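Visitor: One structure is given below, represented as structure tokens, and several questions about it will come after.
The values are calculated or read from the model by the stated rules, or taken from the named source; none is laboratory data. What you see is a predicted model, and the numbers here were worked out from it, not measured in a lab. Quick reminder, even Gly has a Cβ in these numbers, built from the backbone with ideal geometry, and neighbours come from all protein chains shown. Just so you know, the surface numbers come from the protein's heavy atoms only, side chains and all, with ligands and any DNA or RNA stripped out. Shrake-Rupley method; radii C 1.70, N 1.55, O 1.52, S 1.80 Å.
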Amino acid sequence: MGEDTDTRKINHSFLRDHSYVTEADIISTVEFNHTGELLATGDKGGRVVIFQREPESKNAPHSQGEYDVYSTFQSHEPEFDYLKSLEIEEKINKIKWLPQQNAAHSLLSTNDKTIKLWKITERDKRPEGYNLKDEEGKLKDLSTVTSLQVPVLKPMDLMVEVSPRRVFANGHTYHINSISVNSDCETYMSADDLRINLWHLAITDRSFNIVDIKPANMEDLTEVITASEFHPHHCNLFVYSSSKGSLRLCDMRAAALCDKHSKLFEEPEDPSNRSFFSEIISSVSDVKFSHSGRYMLTRDYLTVKVWDLNMEARPIETYQVHDYLRSKLCSLYENDCIFDKFECAWNGSDSVIMTGAYNNFFRMFDRNTKRDVTLEASRESSKPRAVLKPRRVCVGGKRRRDDISVDSLDFTKKILHTAWHPAENIIAIAATNNLYIFQDKVNSDMH
Amino acid sequence: MLGKGGKRKFDEHEDGLEGKIVSPSDGPSKVSYTLQRQTIFNISLMKLYNHRPLTEPSLQKTVLINNMLRRIQEELKQEGSLRPAFPASAPPAAAADPLGSSSREAPPAFSQPAPAPCELGGAAALEACLTPASLLEDDDPDTFCTSSPAAPARLAPPALLPPEKDSFSSALDEIEELCPTSTSTEAAEADGPKGDSSSGGPGAPQRPEGLQEGGRPEDPKLMDSLPGNFEITASTGFLTDLTLDDILFADIDTSMYDFDPCTSASGTASKMSPVSADDLLKTLAPYSSQPVAPSQPFKMDLTELDHIMEVLVGS
């Protein structure tokens, strides 16, 4: 499987037709670690591929460190739920890195039902000079051993070893949509459609339920949990979003079961924009705290919104991602695109937000200058190391030369998963089965 | 599949049916609103029933589709309660085909799509809602047109629908409240999702159920009937004065619809078992997120039904 991972970055020009994409290769999550040195991706086939940034070489000082494959492993396997006669997908829904506490790296990966803690260690030395074994490991003929020697550590080719350290199973009846590591580095939470559980990283046979919105009668169910995250600094605070577009900030100090929110963030519906699909497009697909901890970023189907934790009544900023789709909601409902769950991301300084769209477009919004840009992640439209050209979707009226019309957007090419390096302007974009990593040129005019 | 109509282009359809909610007092817009609502209704039903997942379907998606159906149902109920006597209105829009979906089967029998010619925009649609009979006479077997213009538009089946995720009982509650002979609609519901064109016979009389209101654009009460909130209220028997049997199921074996066990709320599955176990248990399948199998209760042997009926009545 190691050789397959490199295909992600190799330009297979004969594979332009997306129907040749193996479904197992579709990237389902992207996550930088806390330093940005490592980038983990999970795919539908249950594999995790970790990329490592090469240290900047002195030979080419203007070319910043690029990401190469560091390790690949099979995180989850498909399972079968015998009670319901349904398959449990091995697709990796989320990966979250643990803060690094020693030489090893650790990450949590989850599919619909099971969370696993993986430890990634490097081995670049091996002992040589055993007394009882020879180089290949075979036992020596003792009669040939005449003297004792102390084994010494000799350098070897770097070997990355990944081992599962914990398996957190059977905690969820419904599909896990989020995991989030607490700032205390001891606990983490996992959220499914109706419940949120709190786990200790070292304890796998027990978890605490902290949110439960399952109604007594399932027929009364009208709202589900869509995403959740711990506050980056306050280990007692977390937020979860719902399919009705509301955010609930909960304080774990208030009660063991945090069904009662401390703050409810909800924007009243705009009556002029009301349609049959108002509820569906208001469903929050992703929520992310800012690095500062002061703001939250949410993504619903057509917009990204920035919320101030101090103001519950409405977001402080709203950005239109692809408002031209508003008139196409019926078709998008019919082909299920309206249920696509786009993610969103902050940059390191919380000044720019990014999210994906269709046609392999992704959008960035500068909160300070209020400028926004649409870029495309595709092999055809950009050569390696070329500066990305801003794209535009025209909605009738004047059409410039390179504009794309709304009707020619490819809705099968969706960028759902994006990640931003925690400190630098490096972004990782997952476009179906391809991973694009873009770096900011110092002299570019983007940001 | 589309019948007489030409293949609809994406743009045309978008212009006709997409967009925001329009004021219901506006004639053609009201009709297009109704068309859109019916389209969405049909699509939602198809989504819930046609899905055959190997893995568990997404609960979020199911909940959102359910909410959509409930909302439309509420709207229909409110509009129905405002106007107890109403003319047959414009036929609902074709659901899947104009939207470019490939080979989707006909949507549920009780909310059949109109043939493409019926789906007229603007003034033509207004004409349609005022004279539905002329449209309904488009004799297209694929689209289950019927020639009963007096059929009331807003009828039980849409209100019967709330497709429950885990149990059938609340749907049956509403069925029971709305009409005494609920098995017809139940069967229709069962027949609907995978009803192919060959079920044009039993499907055809279901046609008027799909006819939606909207024929009175000048009714000022319609303005208020567009609900700002989509609270689900307890279902009321607002259609009890209608005789569904006569209007809807004239062409179908009515012996099936006299089954008393089918009107009771809970334990339906077990009570159904002596009657048509396979067929009706299949209809319960969607509520347990199992793959839905088409059922054709109408095709049951009449003598067999009579026999079973005797057994039930006798016991």
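Visitor: How far apart, in nm, are the 7 Å Cα→Cβ label points at A:Val69 and A:His34?
Guide: In this crude label model, A:Val69 to A:His34 measures out at 2.9 nm.
Visitor: May I ask you to order A:331-341, A:141-151, A:124-134, A:200-210 by the average number of other C-beta atoms within 10 Å around their residues, highest value first?
Guide: With the highest mean Cβ count within 10 Å placed first, the list reads A:331-341, A:200-210, A:124-134, A:141-151.
Visitor: Something else now. List the cysteines of chain A that have no other Cys Cβ closer than 4.7 Å: which are they?
Guide: For chain A, the answer is A:Cys185, A:Cys235, A:Cys330, A:Cys337, A:Cys344, A:Cys394, because their Cβ atoms have no other cysteine Cβ under 4.7 Å.
Visitor: Using only alpha carbon pairs under 8 Å that are at least six residues apart, calculate the relative contact order of segment A:356-444 and give it in whole percent. Show your work: numbers first, answer last.
Guide: Details: 134 pairs, mean separation 22.9, N = 89.
It rounds to 26 percent for segment A:356-444.
Visitor: Between A:Ala202 and A:Leu142, what is 0.36 nm times their sequence separation minus the Cα-Cα distance? Round to one decimal in nm. Intermediate values should be presented prior to the final figure.
Guide: Details: separation 60, 0.36 × 60 = 21.60 nm, distance 4.44 nm.
Length gained between A:Ala202 and A:Leu142: 17.2 nm.
Visitor: When the helix-only estimate is applied to chain A (DSSP H runs of n ≥ 4, each -39,500 (n - 2.57), divided by the residue count), what is the mean residue ellipticity at 222 nm, nearest 500 deg cm²/dmol? Write down the numbers at each step before the final one.
Guide: On the way: 3 runs with 15 residues, N = 447.
After summing the helix terms and dividing by the residues of chain A, the value is -500 deg cm²/dmol.
Visitor: Give the accessible area for A:Met311 in Å² (nearest 10); use a 1.4 Å probe, count only protein heavy atoms, and leave out ligands, DNA and RNA.
Guide: It works out to around 60 Å².
Visitor: Right, another one. What's the buried accessible area, both sides, between A and B using a 1.4 Å probe, rounded to 100 Å²? Let's see the in-between values first.
Guide: Working: alone 23230 and 13510 Å², together 32940 Å².
Result for this pair: about 3800 Å² buried.
Visitor: Checking the table A:Lys244/A:Lys398; A:Lys91/A:Lys370; A:Lys94/B:Lys61; A:Lys305/A:Lys328 against a 28 Å threshold on Cα-Cα, which pairs fail? Mind showing how you got there, number by number?
Guide: Values: A:Lys244/A:Lys398 36 Å; A:Lys91/A:Lys370 37 Å; A:Lys94/B:Lys61 19 Å; A:Lys305/A:Lys328 21 Å.
Beyond 28 Å: A:Lys244/A:Lys398; A:Lys91/A:Lys370.
Visitor: Still on this structure, I have one more. Would you tally the net charge around A:Leu153, using a Cβ to Cβ cut-off of less than 12 Å, leaving A:Leu153 out, and scoring K and R as +1, D and E as -1? Please list the in-between numbers first.
Guide: On the way: positive: A:Arg123, A:Lys125, A:Arg126, A:Lys154; negative: A:Asp124, A:Glu128.
Net of charged neighbours comes to +2.
Visitor: Turning to a different aspect of this structure: Within 10 Å of each Cβ in peptide A:35-46, how many partner chain Cβ atoms are there on average? Round it to a whole number, please.
Guide: Numbers: counts 0, 0, 0, 0, 0, 0, 0, 0, 0, 0, 0, 0.
Mean shielding by partner chains, rounded to a whole number: 0.
Visitor: Per residue of segment A:100-107, what does 6.51 cos²θ - 1.76 cosθ + 1.60 with θ = phi - 60° give for ³J(HN,Hα)? Whole Hz please, x for Gly and Pro, Karplus curve as stated.
Guide: Going residue by residue, I get 6, 10, 8, 5, 8, 9, 10, 9 Hz, with x marking Gly and Pro.
Visitor: Then there's this: Using θ = phi - 60° and the Karplus relation 6.51 cos²θ - 1.76 cosθ + 1.60, list the HN-Hα couplings for segment A:221-236 in order, rounded to whole Hz, with x at every Gly or Pro.
Guide: So the Karplus estimates, Gly and Pro as x, are 6, 10, 9, 10, 7, 10, 7, 7, 7, 7, 5, x, 10, 8, 6, 9 Hz.
Visitor: Moving on to the next point. What does the structure give for B:60-71 when I average, per residue, the other chain Cβ atoms found within 10 Å of the residue Cβ?
Guide: Numbers: counts 15, 7, 3, 11, 13, 3, 3, 7, 5, 0, 1, 3.
Averaged over the peptide's residues, the number is 6.
Visitor: Which value, in Å² rounded to 10, gives the accessible area of A:Ser106 with a 1.4 Å probe and all protein chains present?
Guide: Approximately 30 Å² for this residue.
Visitor: Considering only the other residues whose Cβ falls under 12 Å of the Cβ of A:Asp141, what net charge follows from Lys and Arg at +1 and Asp and Glu at -1?
Guide: Details: positive: A:Lys133, A:Lys138, A:Lys140; negative: A:Asp134.
Counting the neighbours of A:Asp141, the net charge comes to +2.
Visitor: Any idea how far apart A:Glu161 and B:Glu310 come out in nm if each label point goes 7 Å out from Cα toward Cβ?
Guide: 7.9
Visitor: In peptide A:222-230, what is the residue-averaged number of other protein chain Cβ atoms found within 10 Å of each Cβ?
Guide: On the way: counts 7, 4, 7, 2, 1, 0, 0, 0, 0.
Mean shielding by partner chains, rounded to a whole number: 2.
Visitor: Would you calculate the separation in nanometres between label points at A:Met311 and A:Glu87, each defined as 7 Å from the Cα along the Cα-to-beta-carbon direction?
Guide: About 4.7 nm separates the two model spin labels.
Visitor: I've got another one for you. Enter the accessible area of A:Phe438 (Å², nearest 10), with the probe set to 1.4 Å and all protein chains included.
Guide: 40
Visitor: I would also like to ask the following. Among residues other than A:Thr318 whose Cβ falls under 11 Å from its Cβ, what is the net charge (Lys/Arg +1, Asp/Glu -1)? Numbers along the way, then the final one.
Guide: Numbers: positive: A:Lys305, A:Arg314; negative: A:Glu267, A:Asp270, A:Asp300, A:Glu317, A:Asp323.
For residues surrounding A:Thr318, the net value is -3.
Visitor: If you plug each phi of segment A:186-191 into the Karplus form 6.51 cos²θ - 1.76 cosθ + 1.60 with θ = phi - 60°, what whole-Hz ³J(HN,Hα) values come out, in order, with x for Gly and Pro?
Guide: 10, 10, 8, 10, 10, 10
Visitor: What's the extension gain from A:Val387 to A:Phe80 if we count 0.36 nm per residue and subtract their Cα-Cα distance? Kindly include the intermediate steps, with their values, before the conclusion.
Guide: Values: separation 307, 0.36 × 307 = 110.52 nm, distance 4.62 nm.
Length difference between fully extended and current span is 105.9 nm.
Visitor: Another one. Quick one: which residues, 5 or more positions from A:Val211 or on another chain, have an amide H under 5 Å from its amide H? H modelled 1.01 Å from N in the peptide plane, none for Pro or chain starts.
Guide: A:Ile196, A:Cys258
Visitor: Based on the Cβ-Cβ distance of B:Asn50 and A:Arg399, what FRET efficiency does E = 1/(1 + (r/R0)^6) give at R0 = 30 Å, to the nearest 0.05? Could the numbers behind the result be given before it?
Guide: Working: r = 38 Å, r/R0 = 1.26.
E(calc), rounded to 0.05, equals 0.20.
Visitor: Let's test the formula: R0 of 41 Å, r as the Cβ-Cβ distance of A:Lys119 and A:Asn335. What FRET efficiency results, to the nearest 0.05?
Guide: Working: r = 42 Å, r/R0 = 1.02.
Efficiency computed from Cβ-Cβ geometry: 0.50.
Visitor: Using only the Cα atoms of segment A:218-282, what are the Rg and Dmax in Å?
Guide: Values for segment A:218-282 (Cα only, Rg and Dmax): 13.9, 41 Å.
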